[in-house]
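The values are calculated or read from the model by the stated rules, or taken from the named source; none is laboratory data. No experiment lies behind these values; they were computed from the predicted model shown. Using ideal geometry, Cβ is built from the backbone for each residue, glycine included, and neighbour counts are taken over all protein chains shown.
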Amino acid sequence: MTSINSYLTFNGNCREAMTFYRDCLGGELTLETIGESDLADKMPNSMKRSIVHAVLAKDDLVIMATDMVEERGLIKGNSISMMLNCSSEEEAQSFYRKLSFGGKASYPLQETFWGALFGDLTDRFGNNWLINYDKNL
């Protein structure tokens with residue numbers, strides 16, 4: 001089955017962000033630093049602790065990330081959001097509360113005309129999240 005995963009790029013705070021997401025969503029987090037990778041000899045010592053690849057996995061939820069930023073730098077935008085389809089109202093409320101901590105709760109969770117509990121937020125790392133619990137499923 002084909003699937004799609006979110007791949008986030010950070011500029012030195014990948015470990016902090018992915019640990020935060022693990023604490024909010026649960027799952028197993030694996031982190032590989034540049035110093036642990038084949039890139040170690042090609043990179044300056046100041047980058048050895050930077051994350052070359054991170055994976056947070058819990059059931060069907062997979063978020064990947066890195067600290068490897070292009071030369072032009074990290075440009076944040078609002079064109080990508082991560083959609084969390086929750087299995088219960090309680091889960092949706094918990095994820096919303098945890099992920100919005102230190103960020104901006106732009107659209108609080110509320111009942112929608114399509115029969116779902118839905119809200120969106122921007123977390124403290126500037127990433128956009130859509131939280132959805134479809135009561136009809």
Practice item. For the stretch 31-45, name all the residues that are farther than 17 Å from R15 by Cβ and either of a type in the set (D, E, K, R) or at pLDDT 90 or above (or both). Key: D38, D41, K42
Exercise for review: Among residues belonging to the stretch 57-75 that are surrounded by 13 or more Cβ atoms within 10 Å (Cβ to Cβ) and at pLDDT below 90, point out the one that is farthest from T33 (Cα to Cα).
Suggested key: V69
Exercise for review: Would you be able to say whether some residue in the stretch 30-51 is in a strand (DSSP E or B) and polar (S, T, N, Q)?
Suggested key: yes
Review point. How many of the residues in the stretch 9-29 are free of Cβ contacts under 8 Å to residues at least 40 places away in the same chain, at negative phi and assigned to a loop (DSSP other than H, G, I, E, B)?
Key: 0
Exercise for review: Quick one: in the stretch 107-128, of everything that is in contact with a Leu (Cβ under 8 Å, 6 or more places away or on another chain), farther than 26 Å from G12 by Cβ and of a type outside the set (D, E, K, R), which residue is surrounded by the fewest Cβ atoms within 10 Å (Cβ to Cβ)?
Suggested key: Q110
Check your understanding: So, of the residues in the stretch 115-124 that are assigned to a loop (DSSP other than H, G, I, E, B) and at pLDDT 95 or above, which turns out to be nearest to N78 (Cα to Cα)?
Key -> D123
Check your understanding: Of the residues in the stretch 27-45, how many are surrounded by 13 or more Cβ atoms within 10 Å (Cβ to Cβ) and within 30 Å of S94 (Cβ to Cβ)?
Key -> 4
Check your understanding: What pairs come up if the first residue lies in the stretch 35-62 and is closer than 25 Å to N85 by Cα, the second is at pLDDT below 90 and surrounded by fewer than 17 Cβ atoms within 10 Å (Cβ to Cβ), and their beta carbons are under 7 Å apart, counting only those six or more places apart or on different chains?
Key -> V62/N5
**Study point:** Only listed residue being surrounded by 14 or more Cβ atoms within 10 Å (Cβ to Cβ), basic (K, R) and modelled with pLDDT of 90 or more, chosen from K98, K104, K48
**Key:** K98
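Every residue, every condition in (1) part of a strand (DSSP E or B); (2) in contact with a Cys (Cβ under 7 Å, 6 or more places away or on another chain); (3) at negative phi; (4) free of Cβ contacts under 8 Å to residues at least 40 places away in the same chain, yes or no:
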residue: E70; (1), (2), (3), (4): no, no, yes, yes
residue: G77; (1), (2), (3), (4): no, no, yes, yes
residue: M82; (1), (2), (3), (4): yes, no, yes, no
residue: S87; (1), (2), (3), (4): no, no, yes, no
residue: E91; (1), (2), (3), (4): no, no, yes, no
residue: F95; (1), (2), (3), (4): no, yes, yes, no
residue: K98; (1), (2), (3), (4): no, yes, yes, no
residue: L109; (1), (2), (3), (4): yes, no, yes, yes
residue: F113; (1), (2), (3), (4): no, no, yes, yes
